[in-house]
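Colleague: Pasting a structure here, questions to come.
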Amino acid sequence: MTKRHEMRGSIPVLRIGSTLLATIQVELRDSVAEDFQRTVLTRIEDTGSTGLLIDITALDMVDSYVARVLVETSKMARLMGTEAVLVGMRPEVAATLVRMGFPVDGVRTALDVDDGLALLGRLRPAFDL
Amino acid sequence: MREYMKKLRLDEAELASRRSYFDITDADLGRLAALRGFAEKRTDPIVEEFYRHILGHGDSRKFFPDDATVRRVKALQRQYFLGLFTGVLDLKYVEDRLRVGAAHEHIGMPPKFYLGSYAHYLRLVRAHLVEEFGAGADETASYGSIEKLVYFDMALAMDTYILAGLEDLRRHQAAIRELSTPVIRVFQQVLLLPLVGAVDTQRAQQIMETVLLRVIQEQAKVIIIDIAGVLVVDTKVADHLLKTTAAVRLLGAETIITGIRAEVARTIVQLGVDTSSMPTRSRLAEGIELALNIIGKTITDRKADRGARRAPKDDLQEEP
């Protein structure tokens, strides 16, 4: 198990085996969101990771812009051959998204990072962790 | 030559048009026919002097490597020269002249030598005319007629040069088209198409056609399209890739897309192309693994495999 900590912009993207873990701890303002997306995708390109966990535990508010960025990033990652899982969504965030009627289908979610890793493991039996 | 004639659209109408443009009248042809006797008498000295000029120049000499060649081209040149004085200008004449142009193009002689020689050639002929008939109105008229026909010939030769160049270009384009969709069989029932460079709509179209054709030809179950070498993908191209995937599925096979770059992934999603039906993998290696999986094969470690196979045989020693 290798662990590499990398700061790009203000969102760290850690590598755990063949999984990338992006923990969002700051508010995703326009430029930050854009930067986050690029960073994550570039890291996927560089590492050839097969899984991506986006940890949004720290986000207590998600507006439609941020939601779109997250959903799009998941889709982009999938195109690059990487399964993306959103983990740690807060109850109030989930409620808001549903109330907004935001289309989140096609995006995988898990309770926390642990569950997310387990889900990725199930998705890819040949997964090396 | 018939082919050249067809490609240059050289028919009676075109011949008539050229004749009138070069201002070659029946009087001209008559004058040329009347010069036949002069031509027969002067052929040899003119041809000899002409080749003295060509062979005297280091660069043009290279096209005539040995004496046999020189003898052969001199004989041809005699024919050519006498050909000017038949008084006939028909399609057969045109065909003959095209052959001359094609021969020059064929040995790779650049037009500069060809045209340069002609200027020298005309000066020579004129000198001989003056010598024979003395300078005057007759000689000027005769020379005028020769010049017209020679320019007519030169135009035909240039046409063959340009046509040959265009043919080359067309051949290269065909070769490039072929190279742009190299479908490789990497395993039984598994095909691979590595794409490199810009993909435009035309190429995307061609990719689809080739892929479908090859899937049928090879009875493939899986085709991997690796686009790691593609830096830009627009809506149309993404759409074509999707359509290819769908069409391949209709044939009963699967498409795996590998090597989608970060920027390409961003574009595709931001363009709103629905890619949920497109199986993708990050690296080609993983694509191959998935493909083998689909046809029911797996890649295993050789050592473990060998151990398993050898286990029952006690008499074989394990390698160190």
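What follows draws every value from the coordinates through simple rules; no lab data is involved. Since the model is a prediction, treat every value here as computed from it, not as a measurement. For neighbour counting, all protein chains shown are included, and Cβ atoms are generated from backbone atoms with ideal geometry for every residue, glycine included.
Colleague: Whole number please: convex hull volume per residue of the Cα set in chain A, in Å³? If you can, show how the numbers build up before the last one.
Modeller: Working: hull volume 11.8 nm³, N = 129.
Once divided by residue count, the hull of chain A is 92 Å³.
Colleague: Right, another one. Helix by helix, which DSSP H runs in chain B go 18 Å or more along their axis at the Cα atoms and have an average Kyte-Doolittle hydropathy of -0.5 or more?
Modeller: On the way: long enough: B:36-56 (29 Å, -0.70); B:67-83 (24 Å, -0.46); B:91-106 (22 Å, -0.74); B:111-133 (33 Å, -0.01); B:137-179 (63 Å, 0.00); B:201-218 (25 Å, -0.15); B:235-250 (22 Å, 0.26).
Helix filter hits for chain B: B:67-83, B:111-133, B:137-179, B:201-218, B:235-250.
Colleague: Quick one: give the max-minus-min coordinate of the C-alpha atoms of segment B:149-244 along each principal axis, largest first, in Å.
Modeller: Ordered largest first, segment B:149-244 gives principal extents of 65, 31, 20 Å.
Colleague: Next question, about the same structure. Going Cα to Cα from residue B:303, which lysines come in below 22 Å? Please leave out same-chain ones fewer than 8 positions away.
Modeller: Hits, sequence-local ones excluded: B:313.
Colleague: Would you pull out the residues with amide H under 5 Å of residue B:258's amide H, same chain only if 5 or more places away, H placed 1.01 Å from N?
Modeller: HN-HN under 5 Å from residue B:258: B:225, B:226, B:227, B:281.
Colleague: Here's something else I'd like to know. To the nearest 0.05, how large is the calculated FRET efficiency for residue B:78 and residue B:14 if R₀ is 25 Å and r is the Cβ-Cβ distance? The partial results should precede the final answer.
Modeller: Working: r = 29 Å, r/R0 = 1.14.
Given R0 = 25 Å and the Cβ-Cβ separation, E is 0.30.
Colleague: Could you give the nm distance between label points at residue B:3 and residue B:188, where each point is 7 Å from its Cα heading toward the beta carbon?
Modeller: The answer from the label model is 4.2 nm.
Colleague: For the protein assembly as shown, what ratio Rg/Rh do Cα atoms give with a Kirkwood hydrodynamic radius? Mind dumping the intermediate values first?
Modeller: On the way: Rg = 37.5 Å, Rh = 28.8 Å.
Taking Rh as the inverse mean 1/r over Cα pairs, Rg/Rh reads 1.30.
Colleague: Using a cut-off of 14 Å between beta-carbons, work out the net charge of the residues near residue B:25 (Lys and Arg +1, Asp and Glu -1, residue B:25 not included). Walk me through the numbers before you get to the answer.
Modeller: On the way: positive: B:18, B:19, B:31, B:148; negative: B:23, B:26, B:28, B:147.
Net of charged neighbours comes to 0.
Colleague: Kindly put A:75, B:6, B:148, B:243 in sequence by how many other C-beta atoms sit within 10 Å of each C-beta, fewest to most.
Modeller: Values: A:75 22, B:6 10, B:148 18, B:243 13.
Final ranking by Cβ density, sparse to dense: B:6, B:243, B:148, A:75.
Colleague: From the convex hull of the Cα coordinates of segment B:1-153, what is the mean projected area in square nanometres? Present the calculation step by step, with values, prior to reporting the outcome.
Modeller: On the way: hull surface 36.5 nm².
Projected over every direction and averaged, the Cα hull of segment B:1-153 covers 9.1 nm².
Colleague: With r as the distance between the Cβ atoms of residue B:164 and residue A:42 and R0 = 41 Å, compute the FRET efficiency 1/(1 + (r/R0)^6) and round to 0.05. Walk me through the intermediate numbers first.
Modeller: Details: r = 50 Å, r/R0 = 1.21.
FRET efficiency, residue A:42 to residue B:164: 0.25.
Colleague: Compute the relative contact order of segment B:1-145 as a whole-number percentage, counting only Cα pairs closer than 8 Å that sit 6 or more residues apart in sequence. All intermediate terms of the calculation are to be shown ahead of the outcome.
Modeller: Numbers: 79 pairs, mean separation 57.6, N = 145.
Reported as a whole number, the value is 40 percent.
Colleague: Additional query: For chain B, state what percent of all Cα-Cα pairs lands in each successive 20 Å bin, counting from 0 Å until the bin that includes the largest distance.
Modeller: 24, 28, 23, 20, 5, 0
Colleague: Return the subset of B:6/B:41; A:75/B:221; B:7/B:112 for which the Cα-Cα distance in this structure is over 30 Å, preserving the input order. It would help to have the intermediate numbers written out before the result.
Modeller: On the way: B:6/B:41 37 Å; A:75/B:221 26 Å; B:7/B:112 24 Å.
Among B:6/B:41; A:75/B:221; B:7/B:112, the Cα-Cα distance tops 30 Å for B:6/B:41.
Colleague: Considering the convex hull of the alpha carbon atoms of segment B:102-201, report its projected area averaged over all viewing directions, in nm², one decimal. Numbers along the way, then the final one.
Modeller: Values: hull surface 43.1 nm².
With the hull built on Cα positions only, its mean projection is 10.8 nm².
Colleague: What are the radius of gyration and Dmax of segment B:7-83, computed over its Cα atoms and given in Å?
Modeller: Answer for segment B:7-83, Rg first and Dmax second: 16.6, 42 Å.
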